[in-house]
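The values are calculated or read from the model by the stated rules, or taken from the named source; none is laboratory data. Just so you know, these numbers come straight off a predicted model, no measurement behind them. A quick note on method: Cβ atoms are made from the backbone with ideal geometry, for glycine too, and the neighbour counts reach across all protein chains shown.
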Amino acid sequence: MILKALKKPLILIKLILLTATIVIEHPGAGSASAQGACPATVGNTQWRAVNRSLMMALRSNASFTRAWFKENVSKFFAREFVELEAYVIGDIHLNNLAPKLISIGGTSRKRSEMTVIDFDDAHFGKALADLFYLSVITRSGTQDISAREIAQSYLDGLNGKPLDTSQLDHQLQAALKLTPQEIERLNEKYTEGHISTKRNKVRLNHKKLDTKKISKSSKEVQDVFPILETSFKRVLAERGYQVIDWGYTSKEEGGSMGLHRFFALAQKEGQLKIFQFKELESIEGQSAYERVAHAMSIFWNLPFRKNNSTPLEDHHEVISTEVGTYLMAVKEKRLYRYENKATGSLFPTFQAGTHYIAQVAGQYLGQQSAGLQLKRILESKSDKQEQFLESVDAMVNAYIVPTTQIHNQAVAQLKRNREEVHKAQTKNKKKKKRKKKDK
């Protein structure tokens, strides 16, 4: 397979990163926890090798983390905790929070509210799934924040403790203070920075968006696009937008790894916006349309109930077609990135941001019936909260230790694969040179 790929240099990188067989030695029974070592395969879900940081590898393996959590949660938590079910975000981390413009009391008055903007992995399931996922992602970035600390902040949010923004990174503090006018202008500048004009025609800037023309995408994409284009155009037309240009990409890492993403540059009354259409998958037997549409109806409303306000010009919509289900959203300015702030002088901002998002996740659960049940359980006996915190810490440790080993082994295997490809490529070049010389 590798030698055949050498004849097609364009697929060489994908061969290395995606199609290579990863042979991983499974951790022994005593390598993590007697209660549940983590193999490289859970049920039908296999660990996907990603040649990046452990944090990005875990985000690229969200389905693996979900499968392990579901299979092992009863080994760490009492039944009364395990049976709690609610809508969860699924991919909860600080980068998926952003200011959203809302209308106050349904009037023309606007203000901004910090809320979740990514629902790709939202679903109805175990209520503690978000706490586990956030703890795992955080621990993959630093060993200096325990799952127990994160769980305490989560419970603070559950119990309605006001969010503490005093120690947050200056970028996030600034984002929280943005006025509606400032948000609108930042989003306009984002669009302006990701388009280009050639021969008086406005088009997507594929280089800046990291996309490509539909005509330059794979045959599979070109075959399904006409069907998707009809549905996407219809939804945009209902909002008064006319499509000017299209683009396509597929991420090779992160939570949406391997899924289709289409981009539309659209115009309405002279105003330009870039829309993204992200492919969705079913999770735990719930269709993509069912789980995401229902989750959006809940999570969009939670932050706004207390002040009689509603989202303003909401362009999020789940679109079901005969060739897949997609989530439409406007591409807007991302105001904060925190993956690389886990160490050194940047650690305090990472720490403060982690506790902030943990409180937000707790608040979301606190406004669902499962949150009220969890509070009653924790208040039923004096030692219940301590038992809960210890269980979170034990389960996260039982997962993060062996998955770190799996990730390191997978990266080492990818390195060996690259070396094998390089040797084969070098051998092939020498062979071609000898043939030319013989002629």
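Among residues belonging to the range 111-129 that are among the hydrophobic types (A, V, I, L, M, F, W, C) and in contact with a strand residue (DSSP E or B) (Cβ under 8 Å, 6 or more places away or on another chain), point out the one that is modelled with the lowest pLDDT. First the steps, then the outcome.
First pass over the range 111-129, keeping only residues among the hydrophobic types (A, V, I, L, M, F, W, C): 114, 116-117, 119, 122, 124, 127-129.
Going one step further and asking which of them are in contact with a strand residue (DSSP E or B) (Cβ under 8 Å, 6 or more places away or on another chain), we end up with 114, 116-117, 119, 122, 124, 127, 129.
On the way: M114: 72, V116: 77, I117: 79, F119: 83, A122: 89, F124: 93, A127: 96, A129: 96.
Among them, the one singled out is M114.
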Close pairs from the range 404-433: first in contact (Cβ under 8 Å) with a residue 12 or more places away in the chain, partner surrounded by 13 or more Cβ atoms within 10 Å (Cβ to Cβ) and among the aromatic types (F, W, Y), Cβ under 7 Å, at least 6 apart: I406/W47; A410/W47
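Regarding F350, is this residue among the aromatic types (F, W, Y), in a helix (DSSP H, G or I) and modelled with pLDDT under 90? Show your work before the answer.
Details: among the aromatic types (F, W, Y): yes; in a helix (DSSP H, G or I): yes; modelled with pLDDT under 90: yes.
Taking the combined requirement at face value, the residue satisfies it.
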Can you tell me how many residues in the range 144-178 are farther than 17 Å from T349 by Cβ, surrounded by fewer than 13 Cβ atoms within 10 Å (Cβ to Cβ) and at pLDDT below 90? 1
For G240, the lone unmet condition from (1) surrounded by 14 or more Cβ atoms within 10 Å (Cβ to Cβ); (2) assigned to a loop (DSSP other than H, G, I, E, B) is (1)
Please enumerate the residues belonging to the range 50-93 that are assigned to a loop (DSSP other than H, G, I, E, B), modelled with pLDDT of 95 or more and either of a type in the set (D, E) or within 19 Å of the chain's Cα centre (by Cα) (or both). E83
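Going through the range 214-237 one residue at a time, which ones are in a loop (DSSP other than H, G, I, E, B) and touching a strand residue (DSSP E or B) at 6+ places or on another chain (Cβ under 6 Å)?
Step one: filter the range 214-237 for residues in a loop (DSSP other than H, G, I, E, B), giving 217-218.
S217, the sole residue that qualifies.
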Residues of the range 201-221 being more than 17 Å from F275 (Cβ to Cβ) and hydroxyl-bearing (S, T, Y), which ones? S215, S217, S218
Being more than 19 Å from V318 (Cα to Cα) and among the acidic types (D, E): is that true of E238 here? no
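From the list L327, L372, L365, exactly one residue is surrounded by fewer than 18 Cβ atoms within 10 Å (Cβ to Cβ), modelled with pLDDT of 90 or more and touching a helix residue (DSSP H, G or I) at 6+ places or on another chain (Cβ under 9 Å). Which is it?
Values: L327 fails: surrounded by fewer than 18 Cβ atoms within 10 Å (Cβ to Cβ); L365 fails: surrounded by fewer than 18 Cβ atoms within 10 Å (Cβ to Cβ).
Only one candidate qualifies: L372.
Name every residue in the range 368-390 that is more than 23 Å from the chain's Cα centre (by Cα) and assigned to a loop (DSSP other than H, G, I, E, B), in order of residue number. I'd like the intermediate steps shown before the answer.
Let us first name the residues in the range 368-390 that are more than 23 Å from the chain's Cα centre (by Cα), namely 369-390.
Matches in the range 368-390: K381, S382, D383.
I'd like the residue in the range 37-49 that is farther than 21 Å from N417 by Cβ and among the aliphatic types (A, V, I, L, M) and, out of all such residues, is modelled with the highest pLDDT. Explain how you work it out, then say what you get.
Step one: of the range 37-49, the residues farther than 21 Å from N417 by Cβ are 37-39, 42-45.
Checking the rest, the ones that are also among the aliphatic types (A, V, I, L, M) come to 37, 42.
Numbers: A37: 46, V42: 82.
Among them, the one singled out is V42.
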Exactly one of these conditions fails for S108: (1) of a type outside the set (K, R); (2) more than 28 Å from N408 (Cα to Cα); (3) modelled with pLDDT of 80 or more; (4) not in a strand (DSSP E or B). Give me its number. (3)
Taking the range 198-213 and keeping only residues that are surrounded by 17 or more Cβ atoms within 10 Å (Cβ to Cβ) and part of a helix (DSSP H, G or I), one is left with H206, L209
Pairs only if they're at least six apart or on different chains, beta carbon under 7 angstrom, first in the range 195-210 and touching a residue at least 40 places away in the same chain (Cβ under 8 Å), second in a strand (DSSP E or B) and charged (D, E, K, R); list them, first residue then second. I195/R203; R203/D245; L204/D245; H206/K212
Restricting to the range 49-79, count the residues that are within 30 Å of A293 (Cβ to Cβ) and surrounded by fewer than 18 Cβ atoms within 10 Å (Cβ to Cβ). 3
Kindly evaluate T343 against the criterion of being more than 21 Å from the chain's Cα centre (by Cα) and at pLDDT below 95. yes
